[in-house]
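Notes follow the structure.
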Amino acid sequence: MWDDQFEKIVRQHLPFISAADELDPHTELRDLGLDSLGTIEMMAALESAYAMRFRDEALTLESFRTADVLWRTVSDTVRPAG
């Protein structure tokens, strides 16, 4: 699963989830209120927090579909395979 920093950043960009609600790894982030501006802001916050840059191939709607997919994208970028 992801770390606390990731969850804090993601939650800041999801207006339809309360602090008491669990962030389900498979719920569509758009269903929780993530819009295009929020996606860009969240991407910038994640890049800053993890000292990384999203690769061009990761800049797709699919990469930001769910928290699980997004965390895998971030962690694969921070710790590349090999």
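Using the Cβ atoms and a cut-off under 11 Å, what net charge is assigned to the surroundings of Phe54, where Lys and Arg are +1 and Asp and Glu are -1?
Numbers: positive: Arg53, Arg55; negative: Glu47, Asp56, Glu57, Asp76.
Overall, the nearby charge balance is -2.
How large is the dipole of the chain about the Cα centre if only Lys and Arg carry +1 and Asp and Glu carry -1, each at its Cβ, rounded to the nearest 20 debye? Mind showing how you got there, number by number?
Values: 8 positive and 16 negative charges, 53 e Å.
For the chain, the charge dipole is close to 260 debye.
Just want to confirm a number: the relative contact order over the chain, from Cα pairs under 8 angstrom separated by 6+ residues, in percent.
Relative contact order here is 34 percent.
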(request) For every helix of n ≥ 4 consecutive DSSP H residues, a contribution of -39,500 (n - 2.57) applies; sum these over the chain, divide by its total residues, and give [θ] at 222 nm rounded to the nearest 500 deg cm²/dmol. (result) -12500 deg cm²/dmol
(request) Place a label point 7 angstrom from the Cα of Leu59 along the Cα-to-Cβ direction, then list the residues of the stretch 1-40 whose backbone nitrogen is under 16 Å away. (result) 36-40
(message) Can you compute the FRET efficiency between Ala51 and Met1 using 1/(1 + (r/R0)^6), with r the Cβ-Cβ distance and R0 = 25 Å? Round to the nearest 0.05.
(response) 0.75
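So for the stretch 1-54, Kirkwood radius off the Cα pairs, Stokes-Einstein at 25 °C and 0.890 mPa s: how many µm² s⁻¹?
Working: Rh = 11.6 Å.
My calculation gives 212 µm²/s for D.
With a 1.4 Å probe and every protein chain left in place, work out the accessible area per residue of the chain in Å², rounded to a whole number.
Values: 5100 Å² over 82 residues.
On a per-residue basis, the chain sits at 62 Å².
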(request) With a 1.4 Å probe and every protein chain kept in, tell me what percent of the accessible surface of the stretch 8-73 is carbon plus sulfur. (result) 53
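The values are calculated or read from the model by the stated rules, or taken from the named source; none is laboratory data. Computed from a predicted model, the values in this text were never measured in an experiment. Methodologically, a virtual Cβ is constructed for each residue, glycine included, from the backbone with ideal geometry; neighbour enumeration extends over all protein chains shown. Heavy atoms of the whole protein, side chains included, go into the accessibility calculation; ligands, DNA and RNA do not. Shrake-Rupley method; radii C 1.70, N 1.55, O 1.52, S 1.80 Å.
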